[in-house]
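Comments concern the structure below.
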Amino acid sequence: MNVIQIAFKEMLLSFRNRRTLFFMLAFPLVLMLVLGTALANAFSTTAAMDTVRVLVQDQSSGAAQQGFAGFRAEMEKSGFAFTDFKPGMDGAAEVEKNNYDDYAVVTNSGIKLYGSDRNAVASNMTQGMLSAYADRYNAAAAIGAADPAKAATAFQPAPSGGYVKELSLDLDRMPGSMDYYAVALTVMIALWGAMSAANLVNSEIRQGTAARLVAAPVRKGEIFAGKVLGNLAVNMLCVLVVITFSKVVYHAYWGDNLPLVLLVLLSVVVLSTSLGLALSYLLKSSASGGLISLAVQLASFFGGAYFPLGVVEKNSLLGIAASLSPIRWANMALNNMIYLGDSTQVIQTIGLNAGLAALLLAASAYMMSKREGL
C-alpha cells in the first residue's frame, strides 16, 4: 500500500509541474508538426514527371500501323503526348528547338528515334517503351509466320493492363516525414524520462523532505519502488498521449502491431528511469541534472530523433556514437517491424533494454541502501 501511495504522489507532483506538460507533451507534438511539415519533400519516394512530348511520323501500313496505333493509345494513358508529323516539318529541328522531347519515325522495317539531351530521362523512357513495343511486334511477326490467326494475340494487353509490367523491390508503404518523426520523437520522449528520474531523490533532498521520509514508518525499498513506479507511470502516460495524438491528428502510421510497439516503448521508458536514477546516485552533485540532460540530448541527436541517419559505417565516429544510442536501437527496431514486418530486432531491443535497466536499478537500489538517508 505504501508503494502505491508513494507512486500516486509522484504522479500528482509530475502532472502539477508545468515543465512536465511542456517538455513531455507540448514540445514533442509541436516539434513533430514542424519537422514533419518542413521536411515532407525530403521523405518523398516519388518524383513528378512532366508529360513526355513525342513527335511521330508514322510511315507504316497494315498490321504494323494497327499495332503501333494500339501501343500509342496505351502510352497516352501513361503521360506520353504523341503529335502527328505534318508535311513541311523538320522533326530533328523541332527536337533541337525543344518543341518536343523526341522524334520517332515508324516504318514497317523498324523505328528511328531522335532524342534530346535537354531531357535525357524523357528520351530514355521513350526509348524503353518503343523497344518494348518493337520486341512485341517482332514476336507477333514470328507468331504470324507460324500461325497467322494467332498473330493478333501478341498485341493484346498484358494481364496487368499495360505493355510493360514493372516489378519493384521497394515497399508499397514507406515512412513519410510525419510517420518517421512520430516514431523518432516518441522514442526520444520515452528516453527523456531519465531527466525526471534524476530528480526523484534529489528533489526530496532539496525540499528537505528526505529526512521525513526516512523517519517515517516506511522502508527504503518501498520508497524506492514507489518513486520508480510513479515515474514509469507518468512517462508511459505521456508516451501514450503522444502516440494517440500523432495517430488521430497527424495521421501517423504505427503499423498493425501496436501492442508490440508499446512494449518496445515501455522498455525504453524503464531504461530511461533506471538510467537517470543510477546516474543521479553516481554523480552526487548539483550538476548531475545538466550532465544527464546533455547525455540524453546527445543520444537523441545521434539516434536520429531530429534527422534520419540512414546507413552509417560501424567503424566511423558517427557509427560508434549512433550504436551507443538507445533511441537508435528503438528507431531501427520499430521501423523494421512497422514497414518490413520483421520483429527480430524488436525482441533483441526489448531484451537489451530490460537487461540494462535491471542492472541499473539493482545498482541504484544498492547505492541507496548504503546511504544513511535517501
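Some notes on this structure:
- Per-region count, region 2-15, residues more than 11 Å from VAL234 (Cβ to Cβ) and surrounded by 15 or more Cβ atoms within 10 Å (Cβ to Cβ): 3
- Residues of region 73-99 that are in contact (Cβ under 8 Å) with a residue 24 or more places away in the chain and outside any loop (DSSP other than H, G, I, E, B): GLU74, MET75, SER78, PHE80, ALA81, PHE82, THR83, ASP84, GLY91, GLU94, VAL95.
- Region 223-273: number of residues that are open to solvent by 40 Å² or more (accessible area, probe 1.4 Å) and at positive phi: 1
- Leading residue by the ranking (surrounded by the most Cβ atoms within 10 Å (Cβ to Cβ)) among those in region 108-124 that are out of contact with any helix residue (DSSP H, G or I) (no Cβ under 8 Å at 6 or more places or on another chain) and among the hydroxyl-bearing types (Ser, Thr, Tyr): SER123
- Residues in region 16-40 that are open to solvent by less than 80 Å² (accessible area, probe 1.4 Å) and among the aromatic types (Phe, Trp, Tyr): PHE27 alone.
The values are calculated or read from the model by the stated rules, or taken from the named source; none is laboratory data. Keep in mind it's a predicted model, so treat the numbers as computed, not measured. Please note: Cβ atoms are built from the backbone with ideal geometry, for glycine as well, and neighbour counts cover all protein chains shown. Each accessible area value is taken on the protein alone, full model and side chains, heavy atoms only, with ligands, DNA and RNA left out. Shrake-Rupley method; radii C 1.70, N 1.55, O 1.52, S 1.80 Å.
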